[in-house]
Amino acid sequence: MMGMVLGLTGGIGSGKSSIAKMFSKLGIAVYYSDDRTKALYDQVPELLEALVDLLGPTVCKDHRVDRQEMARIVFANPGLLQQVEALVYPLLLADFQRWCEQQSSSFVIFESALLLEKPMFAQVCDRILTVSSPLEVRIQRVIDRDRVTREQVWSRMNHQWSDEQREALADEVLVSDNERPVLPQVMAVFERMMLLEKN
């Protein structure tokens, strides 16, 4: 039986992945939408054909989607980006539904950085948890993790919503600021979800 879905989101460097791992250790199944999207590019031949029709033959390399080339094309043309999303997201949500049917945890987590920006993602969630983190902390985490410059981090952040925008639409806000402990916050959300699941 399908339980409740907790949507987990947060900006780049917010600590969202660490939070997801904590829930995993509590026995909660986590669907990583980014990883699954990459897998779908490789596993669904019809998707590759549709992307080649839309973006041209350069997006296909060795019978696979060249994601770097695709990113280069679509980020220069927001209209094309929307068309790619219209091809990919319904497949992703169908994949998520199939995945949910195979899970046995009390509730499941749908993890996506774009959860709130994309209403079709938010619609599959019963509750939304966003992870907020001070800007400087986030920038430093991404610099350390990805070995990129401050400017590169900024350019990525500029494509995402602010913490304030996400918090306004979230049911739960967890703060990951390298100061207050994260685990008690995760446990509080976990316990609330378990209560809701019982009711």
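The values are calculated or read from the model by the stated rules, or taken from the named source; none is laboratory data. Model, not experiment: these values are computed from the prediction. Positions of Cβ are backbone-derived with ideal geometry, glycine not excepted, and every protein chain shown enters the neighbour counts.
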message = Within the range 36-138, considering only helices (runs of 4 or more DSSP H) that don't extend past its boundaries, which have at least 3 residues that are of a type in the set (Gly, Ala, Ser)?
response = 78-101
remark   = Of the residues in the range 142-199, those that are of a type in the set (Ser, Thr, Tyr) and under 25 Å from Lys25 (Cβ atoms) come to Ser176
task = Name the residue, out of Gly13, Gly7, Gly27, that is touching a strand residue (DSSP E or B) at 6+ places or on another chain (Cβ under 8 Å), of a type outside the set (A, V, I, L, M) and either in contact (Cβ under 8 Å) with a residue 60 or more places away in the chain or not in a helix (DSSP H, G or I) (or both).
result = Gly7
ask   = Is it the case that Ala76 is within 20 Å of the chain's Cα centre (by Cα) and small (Gly, Ala, Ser)?
value = no
ask   = Can you find a residue in the range 36-51 that is under 30 Å from Arg127 (Cα atoms) and touching a residue at least 60 places away in the same chain (Cβ under 8 Å)?
value = yes
inquiry  = It is to be established whether one or more residues within the range 104-112 are touching a helix residue (DSSP H, G or I) at 6+ places or on another chain (Cβ under 6 Å), surrounded by 14 or more Cβ atoms within 10 Å (Cβ to Cβ) and among the aromatic types (Phe, Trp, Tyr).
reply    = yes
task = Determine, yes or no, whether Val131 is touching a residue at least 40 places away in the same chain (Cβ under 8 Å), touching a Gly at 6+ places or on another chain (Cβ under 6 Å) and assigned by TED's automatic domain parsing to the domain that holds Lys16.
result = yes
query = Of the residues in the range 7-40, how many are aliphatic (A, V, I, L, M) and more than 12 Å from the chain's Cα centre (by Cα)?
reply = 7
query = Name the pairs: first residue in the range 143-168 and assigned by TED's automatic domain parsing to the domain that holds Ser133, second residue assigned to a helix (DSSP H, G or I) and exposed (fewer than 12 other Cβ atoms within 10 Å of the Cβ), Cβ to Cβ under 8 Å, at least 6 apart or on different chains?
reply = Ile143/Arg150
inquiry  = Please go through (1) modelled with pLDDT under 95; (2) among the charged types (D, E, K, R); (3) more than 15 Å from the chain's Cα centre (by Cα) for Lys118 and return the number of the only condition it doesn't satisfy.
reply    = (3)
task = Tally the residues that are acidic (Asp, Glu) and either touching a Cys at 6+ places or on another chain (Cβ under 7 Å) or surrounded by 15 or more Cβ atoms within 10 Å (Cβ to Cβ) (or both), restricting the search to the range 74-103.
result = 2
request  = Starting from residues that are under 13 Å from Ser14 (Cβ atoms) and part of a helix (DSSP H, G or I), keep the ones in the range 144-163 and report whichever is modelled with the lowest pLDDT.
outcome  = Arg156
request  = Could you pull out the residue among Val186, Val175, Val142, Val153 that is surrounded by 15 or more Cβ atoms within 10 Å (Cβ to Cβ), within 28 Å of Ser104 (Cβ to Cβ) and under 20 Å from the mean Cα position of the chain (by Cα)?
outcome  = Val186
query = Can you spot a residue in the range 89-105 that is touching a Phe, Trp or Tyr at 6+ places or on another chain (Cβ under 6 Å) and either basic (Lys, Arg) or farther than 19 Å from Gln160 by Cβ (or both)?
reply = yes
